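Just so it is clear, none of the values below were taken in a lab; they were calculated from the coordinates. Remember, it's a predicted structure, so these values are computed and weren't measured experimentally. Positions of Cβ are backbone-derived with ideal geometry, glycine not excepted, and every protein chain shown enters the neighbour counts.
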């Protein structure tokens with residue numbers, strides 16, 4: 001297999017990792033105003049992703065860096081061409097990122113509501129725009145002979161692009177709702193389950209529609225299979241959610257995202273950024289790539305360090321596997337024994353703390 | 001304004017801003033890890049209180065550092081796509097490595113540290129903050145390797161067919177003498193920043209005689225770190241400058257406003273030049289001193305701006321190869337000045353707090369708090385110096401800044417992003433600063449509740 005192919009796949013893997021992981025972060029943020037009835041609810045929701053959101057976001061940084069290193073012409077044309085869309089994404093990521101740290105430091109209602117808005121918009125905007133961006137990458141954009149983008153922001157907001165955006169927005173929301181049903185307890189968990197079912201009603205047609213549109217316009221035999229599988233797995237995920245099988249449902253939406261990204265990248269191959277102006281102006285894995293030497297060096301680095309990253313990120317999820325319960329601070333007499341794994345115990349209202357062992 | 005000017009302003013604003021928060025992250029992460037280590041070893045609850053107190057400040061700062069860092073990676077592609085196309089084969093590699101080796105570790109393990117109190121065993125929990133701190137500093141290494149390649153390109157060739165730079169040796173890039181000199185300088189500057197920060201926060205409480213034993217310990221720690229790291233920053237800076245004399249003679253000539261090659265060369269204490277920077281109007285100088293500093297020989301030859309310009313015009317073709325002299329000259333001096341000020345104040349502070357003394361003078365505390373700006377100014381001046389001094393080059397001797405800007409992006413678009421970032425960043429700085437001051441005022445957690453132990457109220461939420 002050529003190194004350019006290896007790196008095309010690796011970049012697809014990095015974006016897959018990003019969407020599967022940050023996807024539920026976005027979903028939780030989007031659901032914050034809807035599922036969070038009071039401050040305790042909202043804090044609970046935020047704390048489900050609290051330990052992991054930053055590590056999840058690094059998949060984006062690495063995907064960007066890998067694109068720069070392996071396909072500099074793709075990185076250059078894509079980032080300069082999609083300038084305003086990326087600016088909006090960056091603003092969203094910035095305000096969301098600081099919100100997690102700043103939000104609960106002040107008790108004033110207006111302060112917290114303000115940051116909650118930042119979390120919502122900082123999640124919804126990128127969730128929408130990543131889909132718009134990837135749809136346009138597959139569809140192709142006006143590029144001239146020097147591979148320079150000659151469109152503007154509106155060029156990206158074409159029907160197919162918008163459909164892609166709605167697909168990712170709703171997929172991430174569903175993914176986030178199922179994640180919440182896995183990570184919360186009591187009434188919030190019940191609401192998360194209902195939200196998953198409700199969002200499925202919107203997600204399934206939009207995602208299926210987007211996949212169908214992709215295959216009709218840019219599909220090939222291999223990706224017809226991944227697209228069909230994505231739709232099937234999505235339906236299975238929804239079915240599992242309906243049955244209350246939250247773990248299976250989450251695996252389902254995660255695998256759906258994997259298959260969606262595989263479909264898009266499979267449709268894209270061997271281009272990396274097709275030109276709608278003239279096929280000859282398209283960026284491909286061959287004309288956009290770095291030298292063989294650079295790709296070789298990067299392959300060694302990736303081969304050694306990606307498993308290490310997966311291992312310790314996996315460990316993080318295991319450390320924080322318990323559900324997050326919401327409850328206010330209790331005086332010393334009523335609190336259960338605090339220990340390594342968090343306060344244990346059978347407990348009723350007396351021992352509420354974060355990351356308690358899961359309830360029934 | 002042209003696209004080029006706007007793109008340069010934006011890059012300058014966003015980079016300076018990012019580097020307001022980064023040095024504190026670099027230094028304070030290590031200090032917090034050290035404090036937690038001291039607690040684990042000595043079991044003195046004061047160390048835990050300090051860990052949590054400064055840890056919370058570290059996290060407020062870290063949040064802004066992270067979000068402004070994402071912009072940096074994107075900005076190369078957004079505003080400097082011609083540069084990215086040309087150098088990506090070489091420059092992209094350290095950036096990708098930074099993500100895979102440093103950022104993942106830093107972000108993942110910091111999450112484990114924030115949420116892991118009482119959940120992870122004390123030793124494992126301690127390891128998480130150490131890994132996060134090392135990850136941050138490792139990240140600095142990769143960024144500096146990338147920047148150092150711009151200052152002194154090595155391990156590459158220009159592909160005659162594609163006319164793009166092509167990597168020929170990754171080891172040459174990662175062991176570039178420029179990064180070997182730059183890394184310790186930035187590392188110690190981070191510790192100076194953290195040291196002064198700890199001094200300022202401690203001074204606030206000592207002035208009000210609150211928690212005096214705790215903050216006396218803390219202020220001594222901050223003072224020692226500032227002094228030792230300050231000296232190390234100066235030494236590494238001197239080594240770096242001498243390296244730059246051979247690698248970028250124009251930058252160093254501009255730093256000293258030395259217009260003509262001289263042997264011996266006098267050192268400028270203070271020079272006033274024409275507004276365009278092209279000539280000296282008035283200067284106070286110390287004879288022989290520049291030769292001594294630059295060449296370690298009182299009669300050594302130091303190259304001058306005009307001579308280097310003539311040589312470059314011959315080598316690279318007609319053009320203006322001088323950076324903007326006034327900015328280069330003053331940023332260099334202000335960097336050294338503010339850095340030295342921090343170190344001197346630390347020395348004075350150590351004397352005034354010797355043998356467990358808690359100074360009575362209000363001016364001591366005012367100075368200690370006001371001094372917090374010194375390393376920030378030094379850090380900013382340092383980056384302005386090294387980047388502005390490299391102009392007109394993005395990659396020294398290979399690619400000029402005017403050839404680097406994105407061809408397809410309109411001026412209005414860049415103006416939009418520049419305004420958005422500037423306003424957003426300004427807002428974040430005010431908020432972060434306010435949160436930090438508020439936290440400093442509220443003081444460290446009481447000895448009891450700092451300890452995750454049985455029978456104590458357990459906080460319901462971490463975030």
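Separation of segment A:260-301 and segment B:177-227, taken as the distance between their Cα centroids, equals 48 angstrom. For a label point 7 angstrom out from the Cα of residue B:324 toward its Cβ, which stretches of segment B:10-41 have the backbone nitrogen within less than 18 Å? Correct set: B:10-17. Pop the C-beta distance of residue A:145 and residue B:355 into the FRET formula with R0 = 60 Å and round what comes out to the nearest 0.05. Approximately 0.20, to the nearest 0.05. Mind checking the angle between helix A:83-102 and chain A's longest principal axis? C-alpha axes, 0 to 90 degrees, to the nearest 10. On a 0 to 90 degree scale, this one is about 20. With a 10 Å cut-off around each Cβ of B:61-68, the average count of Cβ atoms from other chains is 5. For the peptides B:256-269, B:84-97, residues were scored by their other Cβ atoms within 10 Å and the scores averaged per peptide; the highest-first order is B:84-97, B:256-269. Axis angle, to the nearest 10 degrees, between helix A:53-70 and the longest C-alpha principal axis of chain A: 10 degrees.
Between segment B:401-449 and segment A:213-242, what's the alpha-carbon centroid distance in Å? For segment B:401-449 versus segment A:213-242, the Cα centre distance is 41 Å.
Note: relative contact order over chain B, using C-alpha pairs below 8 Å and six or more positions apart, is 21 percent.
Label sites at residue A:5 and residue B:162, each approximated as a point 7 angstrom past Cα along Cα to Cβ, lie 2.0 nm apart. Would you mind pulling out the separation of the Cα centroids of segment B:28-87 and segment A:128-170, in Å? Segment B:28-87 and segment A:128-170 have Cα centres spaced 35 Å from each other. Given R0 = 22 Å, the distance between the Cβ atoms of residue B:416 and residue A:155 translates into a calculated FRET efficiency of 0.85.
Protection proxy ranking, highest mean first, for peptides B:10-17, A:304-311: B:10-17, A:304-311, where packing is the per-residue count of other beta-carbon atoms within 10 Å, averaged. Peptide packing for A:132-139, B:196-203, A:318-325, B:24-31 was compared via the average number of neighbouring C-beta atoms within 10 Å per residue; ordered from the highest value, the list is B:196-203, B:24-31, A:132-139, A:318-325. Taking every C-alpha pair closer than 8 Å and separated by at least 6 residues, the mean separation divided by the residue count of segment B:249-318 gives a relative contact order of 38 percent.
How high is the FRET efficiency from residue B:246 to residue B:278, r the C-beta distance, R0 35 Å, rounded to 0.05?
Details: r = 24 Å, r/R0 = 0.70.
About 0.90, to the nearest 0.05.
Round to the nearest 10 and give me the degree value, 0 to 90, for the angle of helix A:72-81's Cα axis relative to the longest principal axis of chain A. The angle comes out at about 70 degrees. Who wins for biggest fluctuation among A:206, A:125, A:153 in a Gaussian network model of chain A, springs between alpha carbons below 10 Å? Judging by the Gaussian network model, the answer is A:153. Placing a pseudo-label 7 Å from each Cα along the Cα-to-Cβ vector at residue A:280 and residue B:441 gives an inter-label distance of 6.9 nm. Peptide A:45-58 is shielded by partner chain Cβ atoms: per residue, an average of 5 of them sit within 10 Å of its Cβ. Averaged over the residues of B:414-421, the number of partner chain Cβ atoms lying within 10 Å of the residue Cβ comes to 2.
Working from Cα pairs under 8 Å separated by at least six residues, relative contact order for chain A is 22 percent. Label-to-label distance for residue A:225 and residue A:38 is 5.4 nm, based on points extended 7 Å past Cα in the beta-carbon direction.
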